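Colleague: One structure is given below, represented as structure tokens, and several questions about it will come after.
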Ligand SMILES: Cc1cc2nc3c(=O)[nH]c(=O)nc-3n(C[C@H](O)[C@H](O)[C@H](O)COP(=O)(O)O)c2cc1C
Ligand SMILES: Cc1cc2nc3c(=O)[nH]c(=O)nc-3n(C[C@H](O)[C@H](O)[C@H](O)COP(=O)(O)O)c2cc1C
Ligand SMILES: Cc1cc2nc3c(=O)[nH]c(=O)nc-3n(C[C@H](O)[C@H](O)[C@H](O)COP(=O)(O)O)c2cc1C
Ligand SMILES: Cc1cc2nc3c(=O)[nH]c(=O)nc-3n(C[C@H](O)[C@H](O)[C@H](O)COP(=O)(O)O)c2cc1C
């Protein structure tokens, strides 16, 4: 058991260092570049009046940005979570923690997650894997443990079939996911009435997914589409067998590009939508908001910054907010509500995608 | 006559070695890359429940994959056929033999084909050239000889006008092909009621072709479209005269891309359709099934593997099946029937093709 | 104050030299290349009959070309303005001066603008910044001072939100621009009834802008779209902080391409439209006229020529006129009115743009 | 006068050698690559039954190919014309001579054109410039002289505004071209009732042109569109002044691509249409015929061959015919009439062109 725990810790560290040092991003893009916000030459607003504030899950955010759930379960993870928590506290933003499974199994690891509450009272989102509700027979008590561990304001349930299927150790049973319907409903009734978020990990959700997630009763969808971190690429580095490397290459471009996923989900779902997967600056965020997202989420650039210290996380997020504000200025949007109404055009592949799937 | 036989053997060997060592594939693609299967983020199935089994021509296949007809008629061919037969027996797949003309003419060569029956009871498909029914005045007796030679479960009749026209020795009379109507019908009545497959060799069939083939009475169409092995490219290596090389270059991109050919055929034909020509992995197979094929066929990669040994053929086909299963998992299809209904989008040139030809 | 003036002068010189020596142009294009004028093989006209003459703001121009407002306010600027004035006088064209703010504040600098009237009686256009009417509370008296300074035939009011927002010293309040409605109307009533032009500086106007500008009462719109000089690129050279450089890179491609901006504006506005931003020859001019512009304007190439002497400015403009005439010959247009009716096709991204925004 | 004649001869030789040794072809293509003939996998014909024979202007051609008018007027031209004449006689094809103006002015040069009749009785087409009917006040007597000189079976009148406008010595008056109406009609009545062909020289005709040419009474249109020899490129080599080189570069891509020009002309004109400009093989010819041409014409490759000898011209044309026959075989067309009905798809830029201009 100790050995096994050691192994998992080593794998998690390997993932973190791979993401930090190697190119782990999709060759195919988010398709956000196929969206062009329309410059408003007359502008018509005062830059100093621009308000980026918004609300998410009942908590205030100084800008529509949260840090995606990344890690937990080992000492390096504790440091990363601490750095992110300090930064979002400083800036008035929100964050998620990584999969809490490690601490569900082993109480000794709880502090690697709960550390965030030593540093922030802002929005904090818990994280559990959908697959474990099936394969490990989890129920509302597990949810309760995860929520209490970090006093979570919301719970993200991640769906990661690609990630599981390409790892030798992967859990591969995603059947009977509607079990989640009862678990969520029971949890809300018997424990706390907090919102639940369905979250991908880089391959996005389709409109068919959105209908299923709506039916299960998810309050929000965090699309986490393709174009940012690719788990197939991460794994390619770790695999030694050439044949398996080759197989992973085939799926290194698999997934619904972030912009397409946002349109897919918005076409059938009217809950909260978070734009994520490959968000790399305030212009990306402005585009996501313009096409209907309530907020954006970022992982990889924040992970990299967090390894340098919490001030670096602050700097990166400040850049994003500054860039977002400039974009808002140039389309003449004084606040997030106005940004949601700004005109844009859709080009190339994204246009094709929308025409074929959503019309 | 002996000399002539030697010559043909040498040419066949030259083809095989050229295909093994040189780039003999189209620069233009199958257009399968213009199809994007839609990731199902919620997945909803258990990987271990996935069934790739299917039936083709009354025989079970463990996955919708057969090996295309490649060779026969000389000792190296015998070894290749043996290796393929052992592999498909091991995996529960099917195979075709190469053109049986050599053994129709010369009984001494029969064992280079019939060897497959020493190693497999699975689906085996015979192979004769449409053009020979015209130029050599073949009839149902020839069909009978070919079927009996390998105890064929089905007969493929290949149509190869490009191949013939670019070879100095080519047979160039494809007139009065409807003669095949009577021959097939007579054969079925007087001999065995097995299915007949119309097969291209890398240039694909159009919808106009499909109507003709339907009228002749073919039970299946094996599209063998452009994007994989190009016979014009094979011949370019063999030709010495610069002017003829130049002429062949003009036709090195001739043909209907595999994905387009599948849509062409499906638009007017409701028999069995095999997706083939440039199939290079399980993701290609998943796409073919999603757009309506019943099965896929592969030649070049299997030929290469068979030159290394039967275990190598097994390995390549296992990779294909594994890749197919992952694709099925990621679109949430538990079996081939569900895969046939999975949503997809069509982009770029393939979209143009469909719009202009099939709407 | 002297120091501050010195600083501004140094910055203006730095801009000029940067524009002269470095690549300051958009990577993204004007989209004029997506317009193809249709060759008239029968031609049907006499080259020597071709008339490029046109009228703009009541003044004759020998061709539909003016020099955009570029500079003023320091000794080098005086020389540049003089050289441009001599050249447009020689050729019968018009010109604008750069922002007159410097001389509004400081009378000593007036001659760096008024010098143009020592050399030309042709069309001269004044230049003031829209933002200053807000932040500096300017009114019709300021307009009067600017007009009188150069005996302006028309006044351009430039809108430059991007430029302001990326400069540390930028004015960032574009709110209540409808104040301009009264100022313009008052000025026309109480002072001179000259036309007012709304002018961008390289990011273009949208159709939404055009409606606002129409409502304010602008007689003309000078689109100055993207594809030529990029102020974000100019500033990237000047900035030292890597993070800010990175931020500016994000906006180095921001803006409405010139051809798109022309279509946007023409779709809702029937005043005079000037095609500008990245105009680099007579073929560009012919295309702008064909899609509905009354005239074109050029900055960067003229700035570069003016640093070599007035004869060089003449040479560059003569080339443009010659190229325009050849284009007119090849589409069989004897004069500007006929050129406006010449057929063309629209391709690629520009076609997409029009389809989505203007249909 | 002698000097002047010498000068013209030198220029003509310079053109010929430039075309032989340098890259004088358009960067932009004929757009014939946007046409894809549909492979007929079942073929259905006998290669040896394929007939490429056709009739043009009352004369038989063994294939729908003629050599475009290229040269005349000096001793090298005589040799070129002789070599082409011998080759077309050998193969049963037709040819044009280059502009006969030189011999209209100077009887000594007649034999450099009339030499063709010493070697062929096949279709020979005369060549005069449309512009000279205006600037030199030519009439039906000039036509008569040109026809008699070579016993022409048809007369081509070339329209070359681009060529004229970029040459220092160019004739630039294409006004009152309807004068040609009377001249042609008078000539036909008073002299010989032979067909008249309107011919471009590499920039193509539009549908507007076709209507004008129809009205003038032309019996045929030889499109000579863009994608082959570019006169702007030829002239760029000859010019020394950098500014003029630069100007010519702007027009090096000017013109209607051959495939687009064919569709333009066919949309309004039902006379004979010749596909030409950048025809570089039998596959190009097959495409032209499929989209509605009666015949094709080729210049540059034949010019190059003719400089090596008449046998080389034969070889090049034989290659074209062979390639055409293979294409006919692969679409299952037994003769030119069937080829005219073969299905095809139109892609990319050509599709855009047709959609915008001809729908
Ligand atoms: C090192 C690393 C670890 C991650 N661990 C988790 C996790 O435990 N739970 C989860 O839901 N997502 C996890 N993710 C996925 C991210 O939340 C996010 O969906 C993905 O990285 C795409 O966003 P990006 O392109 O901004 O990186 C992880 C990502 C990284 C880079
Ligand atoms: C060496 C070689 C020999 C072939 N011989 C035959 C044959 O005898 N009969 C036939 O129908 N197809 C023959 N084919 C064509 C294949 O069956 C198949 O149609 C073609 O190779 C395209 O598939 P691929 O891209 O997977 O190679 C041959 C292919 C190869 C590479
Ligand atoms: C050095 C320089 C200074 C400029 N100054 C002004 C100015 O003071 N006022 C203004 O309205 N535009 C100014 N512009 C913008 C130009 O008028 C024009 O809008 C822009 O350069 C795009 O045109 P181009 O691509 O032809 O250069 C300036 C441009 C340059 C290159
Ligand atoms: C050297 C040369 C001379 C030519 N001279 C004439 C001419 O005198 N009259 C004419 O109508 N076209 C002339 N042409 C144009 C050709 O007839 C043809 O329109 C053009 O070259 C495009 O065809 P291509 O791409 O096959 O070369 C000439 C072309 C070349 C290359």
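Colleague: In deg cm²/dmol, rounded to 500, what helix-only [θ] at 222 nm does chain A give when every DSSP H run of at least 4 residues adds -39500 (n - 2.57) and the total is split over its residues?
Modeller: Computed mean residue ellipticity for chain A: -14000 deg cm²/dmol.
Colleague: Placing a label point 7 Å from Cα toward Cβ, how far apart in nm is residue C:23 from its equivalents in the other copies, listed shortest first to one decimal?
Modeller: 2.0, 2.1, 2.9
Colleague: At 0.36 nm per residue, minus the direct Cα-Cα distance, what do residue A:311 and residue A:6 gain on full extension? Give it in nm, one decimal, please.
Modeller: Residue separation times 0.36 nm, minus the Cα-Cα distance, leaves 106.8 nm.
Colleague: If you don't mind, another one. Using the Cα atoms as the points, what is the convex hull volume per residue of segment D:106-153 in Å³?
Modeller: Values: hull volume 3.5 nm³, N = 48.
Considering the Cα atoms of segment D:106-153, their hull volume per residue is 73 Å³.
Colleague: Same structure, new question: Taking chain C as a Gaussian network, Cα atoms linked when under 10 Å apart, which of C:150, C:285, C:212 shows the biggest mean-square fluctuation?
Modeller: Ranking C:150, C:285, C:212 by mean-square fluctuation puts C:212 first.
Colleague: Counting partner chain Cβ atoms within 10 Å of every residue's Cβ in B:175-182, what's the average?
Modeller: Taking the mean over all residues of the peptide, I get 2.
Colleague: Could you tell me whether the protein assembly as shown comes out rounded, prolate or oblate from its Cα gyration tensor? Rule is a ≥ b ≥ c as square roots of the eigenvalues, rounded for a/c under 1.5, then prolate if a/b exceeds b/c, otherwise oblate.
Modeller: oblate
Colleague: Hey, another quick one. Can you give the angle from 0 to 90° between the axis of helix C:207-216 and the longest principal axis of chain C, with both taken from C-alpha atoms, to the nearest 10?
Modeller: 60
Colleague: For helix D:140-150, what angle does its Cα long axis make with the longest principal axis of chain D, in degrees from 0 to 90 and rounded to 10?
Modeller: Taking the Cα atoms of chain D, the angle to D:140-150 is about 70 degrees.
Colleague: Please give the per residue volume of the convex hull enclosing the alpha carbon atoms of chain A, rounded to a whole number of Å³.
Modeller: In chain A, the Cα hull volume divided by residue count equals 130 Å³.
Colleague: Using only the Cα atoms of segment A:1-160, build the gyration tensor, take square roots of its eigenvalues as a ≥ b ≥ c, and label the shape rounded, prolate or oblate: rounded if a/c is under 1.5, else prolate if a/b is larger than b/c, else oblate.
Modeller: Values: a/c = 2.07, a/b = 1.64, b/c = 1.26.
Judged from the Cα gyration tensor, segment A:1-160 comes out prolate (a/c at least 1.5, a/b above b/c).
Colleague: Here's something else I'd like to know. Please compute, for peptide D:42-55, the average count of beta-carbon atoms on other protein chains lying within 10 Å of each residue's beta-carbon.
Modeller: Mean partner shielding for this stretch: 5.
Colleague: Closest beta-carbon to the D-to-B rotation axis: which chain D residue owns it, and what is the separation in whole Å?
Modeller: D:348, 7
Colleague: Work out, step by step, the length gained on full extension between residue D:136 and residue D:106: first 0.36 nm times the residue separation, then minus their alpha carbon distance; give nm to one decimal.
Modeller: 9.3 nm
Colleague: Would you calculate the separation in nanometres between label points at residue B:181 and residue D:27, each defined as 7 Å from the Cα along the Cα-to-beta-carbon direction?
Modeller: Output for this residue pair reads 5.6 nm.
Colleague: If you take the square roots of the eigenvalues of the alpha-carbon gyration tensor of segment B:217-287 and sort them as a ≥ b ≥ c, do you get rounded (a/c under 1.5), prolate (a/b over b/c) or oblate?
Modeller: Prolate.
Colleague: Label residue B:215 and residue B:270 with points 7 Å out from Cα along Cα→Cβ: what is the distance between them in nm?
Modeller: Each label point lies 7 Å from its Cα, and together they span 2.0 nm.
Colleague: Relative contact order for chain D: what is it in percent, counting Cα pairs under 8 Å that are at least 6 residues apart?
Modeller: 24 percent.
Colleague: Calculated FRET efficiency, residue D:359 and residue D:53, Cβ-Cβ r, R0 41 Å, to nearest 0.05?
Modeller: 0.75
Colleague: Here is a further query. Between the label point of residue A:348 and that of the same position in each other copy, find the distances and list them shortest first in nm, with every label point placed 7 Å from Cα along the Cα-to-C-beta direction.
Modeller: Spacings between copies for this position, smallest first, are 1.2, 1.3, 1.8 nm.
Colleague: If you average the C-alpha positions of segment D:328-354 and of segment C:220-294 separately, how far apart do those two centres end up, in angstrom?
Modeller: 42
Colleague: Right, something else. Sort shortest first the distances from residue C:311 to its counterpart in every other copy, using label points 7 Å along the Cα-to-beta-carbon line, and give them in nm.
Modeller: Nearest to farthest, the other copies are at 6.0, 6.0, 8.5 nm.
Colleague: Same structure, new question: Let me confirm one metric for peptide A:338-346, namely the mean number of other chain beta-carbon atoms within 10 Å of its residues' beta-carbons.
Modeller: Values: counts 0, 0, 0, 0, 1, 5, 2, 9, 2.
Mean partner-chain Cβ count within 10 Å for A:338-346: 2.
Colleague: Let me ask another. State, in angstrom, two size descriptors of segment A:159-242 derived from its alpha carbons: Rg to one decimal place and Dmax to the nearest whole number.
Modeller: 15.3, 51
Colleague: Next question. What is the helix-to-structure angle for C:348-357, meaning the angle in degrees between its Cα long axis and the longest Cα principal axis of chain C, kept from 0 to 90 and rounded to the nearest 10?
Modeller: Tilt of helix C:348-357: around 70 degrees.
Colleague: Also, quick follow-up: Among D:343-351, A:66-74, what's the highest-first ranking by average C-beta atoms within 10 angstrom per residue?
Modeller: Those peptides, ordered most packed to least, come out A:66-74, D:343-351.
Colleague: So for C:323, B:14, fewest C-beta neighbours within 10 Å to most, what's the order?
Modeller: Values: C:323 21, B:14 13.
So the residues, fewest neighbours to most, are B:14, C:323.
Colleague: Which number do you get for Rg(Cα) / (2.2 N^0.38 Å) in segment B:157-298?
Modeller: Taking N as the residue count of segment B:157-298, the ratio is 1.12.
Colleague: Now for a different question. Can you give me the relative contact order of segment A:161-258 as a percent, contacts being Cα pairs under 8 Å and 6 or more apart?
Modeller: 29
Colleague: For a label point 7 angstrom out from the Cα of residue B:191 toward its Cβ, which stretches of segment B:138-163 have the backbone nitrogen within less than 15 Å?
Modeller: B:138-158
Just so you know, all these numbers are worked out from the coordinates, no wet-lab data involved. Remember, predicted model here, so these are calculated numbers, not experimental data. A quick note on method: Cβ atoms are made from the backbone with ideal geometry, for glycine too, and the neighbour counts reach across all protein chains shown.
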